[in-house]
Amino acid sequence: MLKETFTKLLTKYTDDDRLTNILWTEIEKNYTDKKRHYHTLQHLDNLYSQLTIVKEEIKNWETILFTLYYHDIIYHATKSDNEEKSAELAEKRMMEISVSKEIIEHCKKQILATKWHHNSIDSDTNYFTDADLSILGQDWDTYQLYYKNVRKEYAIYPAFIYNPGRKKVLNHFLSMDRIFKTNFFYNKFEEQAKQNLQRELDSL
């Protein structure tokens with residue numbers, strides 16, 4: 001589904017099948033890197049499923065799709081500029097297929113928004129960042145698998161370094177008035193997300 005959707009997306013911009021395959025292979029290679037345990041193609045698939053539900057509310061579906069495929073294309077647990085690097089690569093690749101400057105800039109802003117997940121004046125961005133956080137509001141078994149996979153991605157760090165950092169992240173979300181900006185995702189996931197976050201925090 002992910003490959004087919006990406007291929008269809010690019011047909012508007014290029015009829016070069018070879019280039020399309022090169023761009024998809026790059027995405028696939030990065031998201032299947034052996035060091036990744038959560039930021040994988042499965043994460044993209046979940047995002048796509050969540051966003052498809054609210055597709056009628058999204059103003060620019062093409063931009064959302066480009067953001068989906070490129071928002072985590074660069075991901076190194078030891079780096080703090082993953083979003084910036086991902087946005088840079090997205091811009092480079094989209095320029096190669098002559099995507100409009102407007103879509104490119106919008107996509108970059110959406111990618112950068114996943115760094116902090118703050119409320120945006122752009123509703124599409126809020127839908128995207130909410131979908132990106134939807135894992136927080138899944139059932140406990142799914143959430144538990146998520147945070148264990150995140151821990152694997154940060155395996156380079158011992159517990160005495162990782163745990164305080166993770167606690168900071170959890171407390172950040174728990175201190176928010178609303179984790180989810182859109183009413184749809186708020187009503188669907190907020191309560192369960194708060195419960196999951198607190199339960200993980202209590203376990204550390």
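The values are calculated or read from the model by the stated rules, or taken from the named source; none is laboratory data. Note that the coordinates shown come from a computational prediction; the quantities given were computed from them, not determined experimentally. No Cβ is skipped: glycine too gets one built from the backbone with ideal geometry, and neighbour counts run over all protein chains shown.
Considering region 34-61, the residues that are without any contact (Cβ under 8 Å) to a residue 24 or more places away in the chain and basic (Lys, Arg) include one that is farthest from Ile103 (Cα to Cα), namely Lys34.
Region 104-204 holds helices (runs of 4 or more DSSP H) entirely within its bounds, and those carrying 3 or more residues that are surrounded by fewer than 17 Cβ atoms within 10 Å (Cβ to Cβ) map to 140-153, 159-174, 183-203. Residues in region 9-29 that are assigned to a helix (DSSP H, G or I) and out of contact with any helix residue (DSSP H, G or I) (no Cβ under 9 Å at 6 or more places or on another chain): Arg18, Ile22, Thr25, Lys29. Against the test of being among the hydroxyl-bearing types (Ser, Thr, Tyr), under 17 Å from Tyr186 (Cα atoms) and out of contact with any Phe, Trp or Tyr (no Cβ under 9 Å at 6 or more places or on another chain), the options Ser123, Ser100, Ser134 yield a single qualifying residue, Ser123.
Among the residues of region 108-119, is any under 24 Å from Ala155 (Cα atoms) and touching a residue at least 24 places away in the same chain (Cβ under 8 Å)? Yes: one or more hits.
Residue by residue, here is whether (1) touching a Ser or Thr at 6+ places or on another chain (Cβ under 8 Å); (2) surrounded by 14 or more Cβ atoms within 10 Å (Cβ to Cβ); (3) among the hydroxyl-bearing types (Ser, Thr, Tyr) holds:
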site: Met1; (1), (2), (3): no, no, no
site: Thr14; (1), (2), (3): yes, yes, yes
site: Leu23; (1), (2), (3): no, yes, no
site: Leu44; (1), (2), (3): no, yes, no
site: Leu51; (1), (2), (3): no, yes, no
site: Leu68; (1), (2), (3): no, yes, no
site: Ile73; (1), (2), (3): yes, yes, no
site: Met95; (1), (2), (3): no, no, no
site: Ser100; (1), (2), (3): no, no, yes
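Tally up the residues in region 74-95 that are more than 12 Å from Asn30 (Cβ to Cβ) and either among the basic types (Lys, Arg) or touching a Pro at 6+ places or on another chain (Cβ under 6 Å) (or both), please. The total comes to 2. Between Ser80, Ser123, the distinction of being without any contact (Cβ under 8 Å) to a residue 12 or more places away in the chain, hydroxyl-bearing (Ser, Thr, Tyr) and more than 21 Å from Lys8 (Cα to Cα) belongs to Ser80 only.
Checked against the criterion of being touching a Phe, Trp or Tyr at 6+ places or on another chain (Cβ under 7 Å), within 29 Å of Glu153 (Cβ to Cβ) and modelled with pLDDT under 95, the candidates Ala90, Ala77 yield just one match: Ala77.
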